[in-house]
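Nothing in this text is a laboratory measurement; each read-out follows from the coordinates by a stated rule. Small disclaimer: the values here were computed from a predicted structure and weren't measured. Reconstructed Cβ throughout: ideal geometry from the backbone, glycine too, with neighbour counts over all protein chains shown.
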Amino acid sequence: MNEYLYKGEGVKAQFPALKQMVYGKPLIYLDNGATTQKPYSVINAISSYYQTINSNIHRGVHSLSQKATDAYEVSRNAIAAFINASKPSEVIFTKGTTDGINLVASTLAALDLRQGDSVIISNMEHHSNIVPWQMVCEHYKAQLKVVPISEEGELLLDEYDKLLDERVKIVSISYISNTLGTINPVKEMISRAHKFGVPVLIDAAQAVQHIPIDVQDLDCDFLAFSGHKMYGPTGIGVLYGKEEWLNKLPPYQGGGDMIKSVCFEKTEYNELPFKFEAGTPNIEGAIVLKEAVDFIAELGIQNIAAFEQSLLEYATARVLEIPGLRIIGTAKHKTSVLSMFVDGVHPYDVGVLLDKMGIAVRTGHHCTEPIMDFYRVPGTIRASFAVYNTMEEVDKLANSLQKAITMLS
Ligand code: ALA
């Protein structure tokens with residue numbers, strides 16, 4: 001038993017949504033890959049914002065506007081420190097990971113993607129890191145190249161090397177797969193791409209809440225994540241970009257706040273980060289995201305990683321006791337995600353039965369249809385863990401899974 005287990009129990013008490021019953025059973029929430037629950041500190045900060053400093057930012061001379069602006073920028077600073085960005089202006093507030101990836105896809109393609117060029121993604125990407133690239137490749141007549149995976153769910157780096165050349169305009173890969181839990185060797189992949197002068201975007205939607213992220217150490221050019229998967233609010237996310245890249249890219253959307261001056265002949269764009277934050281942003285979300293960062297920092301991301309690793313190892317051992325159950329995604333380096341499949345049993349049916357037992361899991365393709373095609377399954381039963389889950393919950397998951405599968409077989 002890991003010492004952080006006890007911390008995990010204490011942590012759970014900070015999440016009011018986890019105190020409820022579902023179908024008369026205490027809720028066991030194992031759909032954290034989709035979204036996490038929120039601690040009191042985050043929930044209270046939302047209410048507090050609207051009760052005190054609610055006003056528009058970067059626009060007013062009045063006190064409330066200045067306080068909201070200060071809080072918004074304080075949060076940007078905290079996020080920059082959290083991911084070790086060299087400057088807060090490299091942190092762009094977005095709606096979420098999808099928005100961040102679309103921002104880079106649209107602007108980088110407009111800048112530099114032409115016929116004969118290519119974009120590299122991988123076979124284990126979420127649809128949000130496939131479709132935006134497909135759209136721009138189709139528009140600019142470029143080629144989408146896909147790094148294949150092994151049966152274990154690891155990227156084949158030799159194949160990646162074969163895809164890299166000077167005509168690649170960007171590599172966009174997930175740090176951690178939302179379906180397989182694989183932790184990809186992104187630092188190495190970034191270094192290999194940079195040898196060809198190719199920038200790299202890291203989809204960190206499933207990473208930032210589980211493992212330490214240091215954008216300078218990774219040397220990534222872009223990194224995107226969402227607030228709602230890291231104990232923060234929905235509708236807010238972050239795109240980190242190296243200053244040189246953000247300066248090079250054209251604006252994504254036009255509107256207020258992203259301009260220095262406007263006249264009908266010519267508009268002068270604002271400096272970073274405001275150039276990419278057109279219109280009134282999600283002010284409350286951005287401010288409250290700092291609470292989520294503080295929550296993670298207080299527990300310590302290394303402690304979270306160690307605790308979740310022990311949960312995953314225990315859960316893996318427990319579910320493998322179930323006859324016929326197969327784990328989809330058995331990479332050497334994994335975290336927090338357990339995707340399962342049983343021949344002859346539809347994942348959806350298992351999900352419905354587990355729900356009746358108070359256990360929330362996600363079933364289906366998890367917005368990664370190419371992974372389902374690769375493993376030739378219609379979907380999986382996915383349990384995804386967070387810092388408030390416990391070993392007892394893992395036991396209940398294993399026992400309930402066994403029950404559900406027996407009923408359905
Ligand atoms: N991307 C989220 C998931 O994996 C929604 O469930």
Trypsin sites (Lys or Arg not before Pro) in the range 249-293 lying in a DSSP loop, each with at most 12 other Cβ atoms within 10 Å of its Cβ, come to 266
Sites matching GluC sites (Glu not before Pro) across the range 119-168 that sit in DSSP coil, with at most 14 neighbouring C-beta atoms within 10 Å: 151, 152, 166
Spacing of the two label points (7 Å from each Cα toward its C-beta) at residue 163 and residue 259, in nm: 4.0
How far is helix 131-140 tilted off the main Cα axis of the chain, in degrees rounded to 10, range 0 to 90? 40
Rounded to two decimals, what is Rg over Rh for the range 121-277 when you use alpha-carbon atoms and the Kirkwood radius? 0.99
Which angle from 0 to 90°, rounded to the nearest 10, does the C-alpha axis of helix 63-82 make with the longest principal axis of the chain? 60
Percent RCO, i.e. relative contact order, over the range 250-336, from Cα pairs under 8 Å lying at least 6 residues apart: 19
Under the Debye formula (equal points on every Cα, no solvent term), log10 I(q)/I(0) of the range 300-372 at q = 0.13, 0.16, 0.17, 0.26 Å⁻¹: -0.46, -0.69, -0.77, -1.36
With point charges of +1 on the Cβ of Lys and Arg and -1 on the Cβ of Asp and Glu, referenced to the Cα centre of the chain, which listed residue (160, 174, 193) lies farthest in the positive direction of the dipole? 174
Across the alpha-carbon set of the range 148-219, Rg over Rh with Rh taken as the Kirkwood radius works out to 0.95
Pull out the extension gain between residue 369 and residue 266, defined as 0.36 nm times the separation in residues minus the alpha carbon to alpha carbon distance; nm, one decimal. 32.6 nm
Angle between the Cα long axis of helix 391-408 and the longest principal axis of the chain, 0 to 90 degrees, nearest 10? 70
Spelling out what I want: for every residue of the range 308-320, take phi, set θ = phi - 60°, compute 6.51 cos²θ - 1.76 cosθ + 1.60 (Karplus), and round to whole Hz; glycine and proline get x. 5, 5, 5, 4, 5, 5, 5, 4, 4, 5, 5, 6, 6
Extension length gain for residue 110 and residue 376 (0.36 nm per residue less Cα distance), in nm, is 92.1 nm
Roughly how big is the chain's charge dipole about its Cα centre, with Cβ charges of +1 (Lys, Arg) and -1 (Asp, Glu), in debye to the nearest 20? 640
Where a Cα-Cα gap under 17 Å defines reach, which lysines qualify for residue 87, not counting those fewer than 8 residues away within the same chain? 242, 248, 275, 290
With the 8 Å Cα cutoff and a minimum separation of six or more residues, the chain has a relative contact order in percent of 23
With bins of 10 Å, the percent of all Cα-Cα pairs of the range 1-155 per bin from 0 is 8, 20, 26, 27, 16, 3
In whole percent, what relative contact order does the range 90-187 give with Cα contacts below 8 Å and a gap of six or more residues? 29
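Do any GluC sites (Glu not before Pro) in the range 215-308 lie in a loop, going by DSSP, with at most 11 other beta-carbon atoms within 10 Å of their beta carbon, and if so which?
Passing sites in the range 215-308 are 265, 271.
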Along its principal axes, what span do the Cα atoms of the range 280-409 show, with the longest given first and each in whole Å? 49, 34, 32
Can you run the Rg to Rh ratio on the range 158-200? Use alpha carbon positions and the Kirkwood inverse-distance Rh. 0.99
Rounded to whole Hz, the Karplus (6.51, -1.76, 1.60) HN-Hα couplings of the range 170-185, x for glycine and proline: 6, 10, 10, 9, 7, 6, 10, 6, 5, 9, 9, x, 4, 9, 7, x
Give me log10 I(q)/I(0) at q = 0.16, 0.21 Å⁻¹ for the range 333-409, Debye formula, one equal scatterer per alpha-carbon, no solvent. -0.58, -0.97
Cα convex hull of the chain - mean projected area over all directions, nm²: 20.7
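Greater than 25 Å separation of Cα atoms is the criterion. Which listed pairs, 38/356; 38/396; 95/260; 332/356, meet it?
332/356
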